[in-house]
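The structure appears right after this line, and notes come after that.
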Amino acid sequence: MTKRLVKQLEKIQYANQPLKLNITTIILTVICTFFIVIATFTQFDFNHYVLPFDWFAYLGKNFKDPAVYSHFIKHYRYIPQVPMIMFIAAFLGRRFGIASVILYIVAGLFIAPVFAIGGGLRYVLEYGFGYILAYIPAVFFAGSITRSGLTYINMLQATLVGVCTIHLMGIFYMLFVATIQRETSALILGWISAQSGVKIIYDIVFGFFAMIIAKYLKKWLWFAMS
């Protein structure tokens, strides 16, 4: 029974049939929109090593000293929105993935405060709104890359392209809004560093694993639907 199930799943994997429009895919699209909302208000705390600019000043010092050791440790709070977008791109594909993201954006602008710091039309002037808008082309590019199959190479390429699309578009949108509001260069650089610094690494790593999860979840979904 197990071997038979594995063969059926492998057959589904290589077929890579796209999801078709029906009540099931509509429900899945809405559910994935809720997943984005959940990811928006989910936070993970990490500690990782950093190399500060004044690292040379600590040469020869005792790194067992908490005061010295803590200088090379950074506490980071991570919100997994981007990995969720990568998951949706792999799980729903390009067409339904974009529909799920658009539903999230429309809900945030016109229905409920589902964005990180609220919602409403005024949110288009928030620095972070560019990252949200970038979810649409990110899903398009990632979905296009994985359209030929959810291989590990395709998923890695899709993750790199998707994450870079989100951060580049987010940065340019932030610069546009900051220019209109005449913000200082120090504030702009600090904001970019906070939103697109080490976060890019986390987004790539967790985004890739999110696509792997989506790959096998999609196989089980197709098997159940068949």
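The values are calculated or read from the model by the stated rules, or taken from the named source; none is laboratory data. Quick caveat, the model's predicted, so the values are computed rather than measured. Every residue, glycine as well, gets a Cβ built from its backbone with ideal geometry; the counts of neighbours run over all protein chains shown. Remember, those area values only see protein heavy atoms, side chains included, never the ligands or the DNA or RNA. Shrake-Rupley method; radii C 1.70, N 1.55, O 1.52, S 1.80 Å.
Between Phe176 and Tyr152, the C-beta separation translates, for a Förster distance of 41 Å, into a calculated FRET efficiency of about 0.70. Here Val106 and Leu217 are evaluated by their C-beta separation; at R0 = 30 Å the FRET efficiency comes out at 0.75. Judged by the mean number of other Cβ atoms found within 10 Å, the most tightly packed of the peptides 125-133, 145-153, 182-190 leads the ranking 125-133, 145-153, 182-190. Once the Kirkwood radius over Cα pairs is known for the stretch 75-226, the Stokes-Einstein relation at 37 °C and 0.692 mPa s delivers a diffusion coefficient of 205 µm²/s. Note on Ile73 and Ile200: with the Förster distance fixed at 22 Å, the Cβ-Cβ geometry gives a FRET efficiency of about 0.65. Measuring between their Cα centroids, the stretch 127-149 and the stretch 186-218 lie 13 Å from each other. Taking every alpha-carbon pair within the stretch 177-226, the share separated by more than 13 Å comes to 70 percent. Two numbers describe the Cα atoms of the stretch 136-196: Rg and Dmax, which are 15.2, 46 Å.
Largest accessible area first, the residues Lys218, Lys61 order themselves as Lys61, Lys218 under a 1.4 Å probe with ligands, DNA and RNA left out.
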